[in-house]
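Each remark here refers to the structure printed beneath this line.
Just so it is clear, none of the values below were taken in a lab; they were calculated from the coordinates. Computed from a prediction, not measured in an experiment: that's the story for all the values here. Backbone-built Cβ (ideal geometry, glycine too); neighbour counts: all protein chains shown.
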Amino acid sequence: MGEAVSRRGQDPPYGASGAAWATVVTFLIYNGVVFLVGERVHPVGFPLPAALAVYTLATVAAYLALYFPLFGPLLVAEHVGLLLLTGFLDLHDLKRHGQALLRGRR
């Protein structure tokens, strides 16, 4: 019984959820420090503000799609938009592949 009483003061106030969020914050800080040190030692010129904007938009869209089912199509449209903005998706290639797909179905 004494052990249970002594351990009671050591339990984290936020439980497993708090531990998970602490891990997320720790990894964000760690990756930020590694990025900044690496950028000083070996400059690559990574567009950090643009990348943070893309990640923020993706996170907001995923949150909306998870908690508000009407925003599900928004998630797909947002990811296509991000692929277009970052240059991973080209509209001309998309149109050409879409037409090839449609011709293959007929």
Exercise for review: Could you work out how far the C-alpha centroid of the stretch 80-106 sits from that of the stretch 20-60, in angstrom?
Suggested key: 30 Å
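Please list, by residue number, every one of the chymotrypsin sites (Phe, Trp or Tyr not before Pro) in the stretch 32-106 that is coil in DSSP and has at most 15 other beta-carbon atoms within 10 Å.
Values: sites: 35, 55, 63, 67, 71, 88; in loops: 88.
Of the chymotrypsin sites (Phe, Trp or Tyr not before Pro), the ones in loops of the stretch 32-106 whose Cβ has at most 15 other Cβ atoms within 10 Å are 88.
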Study note, to complete from the structure: Placing each pseudo-label 7 Å from Cα in the direction of the beta carbon, residue 91 and residue 57 end up separated by a distance in nanometres of 1.4 nm
Check your understanding: Residue-wise, which Karplus ³J(HN,Hα) couplings in Hz belong to the stretch 47-63, taking 6.51 cos²θ - 1.76 cosθ + 1.60, θ = phi - 60°, and x for glycine or proline?
Key -> x, 4, x, 5, 5, 5, 5, 5, 5, 5, 4, 5, 5, 4, 5, 5, 4
Exercise for review: With percent of Cα pairs over 21 Å apart in mind, check (1) 65; (2) 27; (3) 48 and report the label derived from this structure.
Suggested key: (1)
Check your understanding: Any idea what the dipole of the chain comes to, in debye rounded to 20, about its Cα centre with Lys/Arg Cβ at +1 and Asp/Glu Cβ at -1?
Key -> 520 debye
Exercise for review: Taking the dipole about the Cα centre of the chain, with the C-beta of Lys and Arg at +1 and of Asp and Glu at -1, give me whichever of 63, 46, 80 is farthest to the positive side.
Suggested key: 80
Check your understanding: What size of dipole, in debye to the nearest 20, comes out for the stretch 47-106 about its Cα centre when the only charges are +1 on Lys and Arg C-beta atoms and -1 on Asp and Glu C-beta atoms?
Key -> 440 debye
Study note, to complete from the structure: With -39,500 (n - 2.57) per DSSP H segment of 4 or more residues and division by the full residue count of the chain, the 222 nm estimate, nearest 500 deg cm²/dmol, is -26500 deg cm²/dmol
